[in-house]
1. So what is the relative contact order for segment 194-343, in percent, with contacts set as C-alpha pairs under 8 Å and at least six apart?
2. Just reorder Thr160, Thr292 by solvent-accessible area, largest first, 1.4 Å probe, all chains present.
3. For segment 122-130, in order, what is each residue's ³J(HN,Hα) by Karplus, 6.51 cos²θ - 1.76 cosθ + 1.60 with θ = phi - 60°, in whole Hz (x at glycine and Pro)?
4. Could you check how much of the accessible area of segment 328-392 is carbon and sulfur, as a whole percent, using a 1.4 Å probe?
5. What is the packing order of peptides 330-336, 64-70, taking the mean over residues of other C-beta atoms within 10 Å and listing the highest first?
6. Give me the percent relative contact order of segment 307-383, please, defined on Cα pairs under 8 angstrom at least 6 residues apart.
7. Work out the FRET efficiency for Asn385 and Gln198 from their Cβ-Cβ distance, taking R0 = 51 Å, and round it to the nearest 0.05.
8. If you place +1 on the Cβ of every Lys and Arg and -1 on the Cβ of every Asp and Glu, how big does the dipole about the Cα centre of segment 361-452 come out, in debye to the nearest 20?
Amino acid sequence: MSGKHFTFLKASLIAASAMIASTAHGALILVEGQGQILRPGVSLVANTTENDDIRFLREVDQLALPSDLLVDIFASPNLVLNNPNDAGYPNPVPVIPAGTVVNSHFLHFDPVGAPNPAVSATATFTFDSQILGVIISNQAIPGSATGLLLLSDPVLGFGTTTYGTGNGRRTLRTSEATDLITLSDDGKSITVTMFVGQNNLDHMRIITASNGLPVPTLEYNAAIVGAGGANINDSVRKIVPTIDLANTGVTKTTSVGPTGYQNLFATFQLNGTDSLRVGATSLEDLVPGNPTNNNASFEILFRPDDLVGQEIVYEIGGTTNGISLTLNGSTLQLLARNNPVQALITQDITAVADDFIHAVAVVDLDSDLMSLYINGQLVLTEAFNGDAVDWAGANGDGIGSLGGTQVAGSGGLLGDLSAYGTLQGDIAIFRFYEQALNAGQVQDIFVSIHGVTVPEPASLSLLLLAGGMIARRRQRTS
């Protein structure tokens, strides 16, 4: 990765490049090296949550800072370095101004046992917006007995996480030559080497710009989770206990092939017999408050190997109450059923199937409407044929495969769906939102992944044609 490399940032950041014309929201989009996602709500006190990788925790989203935030590294518009271990704090301490809307992220490195000699780990974390500041120290600041990590814990910390109270033990130290930070030239990636021995640990808080994109309740993102294994982890990690997908045969790859998506880094590959499933239970039982009785949105980024046969893109709930997105040849089918109330939207996707397809389904129970968006644009809004009050029941949920015993919505407007099998292709991202996304939000989410402004065609046919032409043009020039 190109960028400025230093022991605690001895150079200035370059302004963000114009590579992506998007509305970014400060979210993590890629983890590389010795990095793992850790669920908030755990204890980060020394010798408690140990791992030989650097653990990443998502903290606050879309917070308007109530007061100036003191930081060690102020990254925009010009770098201001606070390096207490070498030269003491500058006066005044650099700040991110009050009112700035930010997301906060936390790094925790506490290797297993009490290693002597010390051990290190290196990981790179990439976000979809600018890194505004970094907090790395817990040395007392002028006029206070408290350091910056402790000062920022109540403001930016996730409520049920225990951060610890010691000043010195949480601090990255410039006197240790292997404690290193590298910021990319575009200011969106940070590479960290943390060096820890005996009973110490290293902590870091990263503050990114936020422009208000919706925050999902659940996210399964191939670019963020590990290499796979028995479970695919939820990347948001705010529901306790966590809702992870049981994995049978699905592999992760960073070889995504030709694509027009600039922020697509990895996918889950399904070969037609694999499965990603919640299991015997469902979102109705696992998400607090039973979200199936409220508005919801479902986002998926997928690419079928072909447009042949009958395949499940996702299915949530059962036959009586359930929602499913399926493929019948080249026809994408969105069905929601709250028996006997139903809604169905179908769309031929031949024109856009040579690249990944970004599909968002929106269920608005308040208005008894269901909408389908493809590649950032509305395909159709369909009214339920009655008063819909529950879009899914308890029958196990599947992403790219059958989750329970029957495909959600089977027996409804599409008839018997029991012959539908596992998707043959790739799934890069699946997100579930506890809200009905609007057209602007869907477009912004699409642009944040694709990296180009969504066209505004006069009709859906022109949209799909344009999408297909864009994908083919990029493939020829890649």
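1. That works out to 12 percent.
2. Details: Thr160 90, Thr292 0 Å².
So the residues, ranked largest to smallest area, are Thr160, Thr292.
3. Karplus values, whole Hz, x for Gly and Pro: 10, 8, 10, 10, 10, 10, 8, 8, 5.
4. 44 percent
5. Details: 330-336: 22.1, 64-70: 15.7.
The peptides rank, most packed first, as 330-336, 64-70.
6. Relative CO of segment 307-383 lands at 19 percent.
7. Working: r = 67 Å, r/R0 = 1.31.
That pair, Asn385 with Gln198, gives E of 0.15.
8. Working: 1 positive and 11 negative charges, 68 e Å.
Around 320 debye, computed over segment 361-452.
The values are calculated or read from the model by the stated rules, or taken from the named source; none is laboratory data. Keep in mind that this is a model prediction, so the values were computed, not measured. A quick note on method: Cβ atoms are made from the backbone with ideal geometry, for glycine too, and the neighbour counts reach across all protein chains shown. Just the protein is used for accessible areas: all its heavy atoms, side chains included, with ligands, DNA and RNA removed. Shrake-Rupley method; radii C 1.70, N 1.55, O 1.52, S 1.80 Å.
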